[in-house]
Amino acid sequence: MANFVLSKRSALTWAGKKAVESDPSWEDDLSWVLGNEDRFRGIGRDRTEAIIHAARTGNLSVEVSKYLQFDGVLRWSDVLDDIIHGCMSEFIETPYGVLFMDQG
């Protein structure tokens, strides 16, 4: 993604519009946003940054200490791999950032 300003609200709204286009059971994008806002975990320029945002804001339910290397560096790529492997979350790419959403 090129330079842009991360915006949780705009990203959720954009995702809601796309959800309504693909699933007519949603009344409108606002109903999607309100129905899915509690699934939000983080936002970033890519998936790893969205996970880091979730960890920094207390929205990451993964025990990250097991990903620490001996030098104290956290292996975020391994965290991302395990989250993807667990199929308990989804990442929605929007023009306003990548949303890290819990599957609920």
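To the nearest 20 debye, what charge dipole does region 28-81 have about its Cα centre, counting +1 at the Cβ of each Lys and Arg and -1 at the Cβ of each Asp and Glu?
Dipole size: approximately 200 debye.
After finding the eigenvalues of the alpha carbon gyration tensor for the chain, what semi-axes result from the square roots of 5 times each, listed largest first in whole Å?
Those come to 27, 14, 11 Å.
For region 48-104, what does the relative contact order come out to in percent, with C-alpha contacts under 8 Å and a separation of six or more?
For region 48-104, the relative contact order is 28 percent.
Say the dipole of region 17-81 comes from +1 at the beta carbon of Lys and Arg and -1 at that of Asp and Glu; which of Q69, V79, S25 then lies farthest toward its positive end?
Checking the options against the dipole of region 17-81, the answer is Q69.
Between the helical axis of 47-56 and the dominant principal axis of the chain, each derived from Cα atoms, what acute angle in degrees is found, rounded to the nearest 10?
Tilt of helix 47-56: around 80 degrees.
In a GNM of the chain with a 10 Å cut-off on Cα contacts, which of I83, I52, I92 has the highest mean-square fluctuation?
Judging by the Gaussian network model, the answer is I83.
Report ³J(HN,Hα) in whole Hz for each residue of region 58-70, in order, from the Karplus equation J = 6.51 cos²θ - 1.76 cosθ + 1.60 where θ = phi - 60°; Gly and Pro get x.
Running phi through 6.51 cos²θ - 1.76 cosθ + 1.60 with θ = phi - 60° gives x, 9, 9, 8, 9, 6, 6, 4, 6, 9, 6, 7, 4 Hz.
Run the dipole for the chain about the Cα centre, Lys and Arg Cβ at +1, Asp and Glu Cβ at -1, nothing else charged, and hand back the magnitude in debye, nearest 20.
Charge dipole of the chain: 340 debye, to the nearest 20.
Taken together, the values in this text are just the output of simple stated rules run on the coordinates, not laboratory data. A quick note: this is a predicted structure, and the numbers were derived from the prediction, not measured. Quick reminder, even Gly has a Cβ in these numbers, built from the backbone with ideal geometry, and neighbours come from all protein chains shown.
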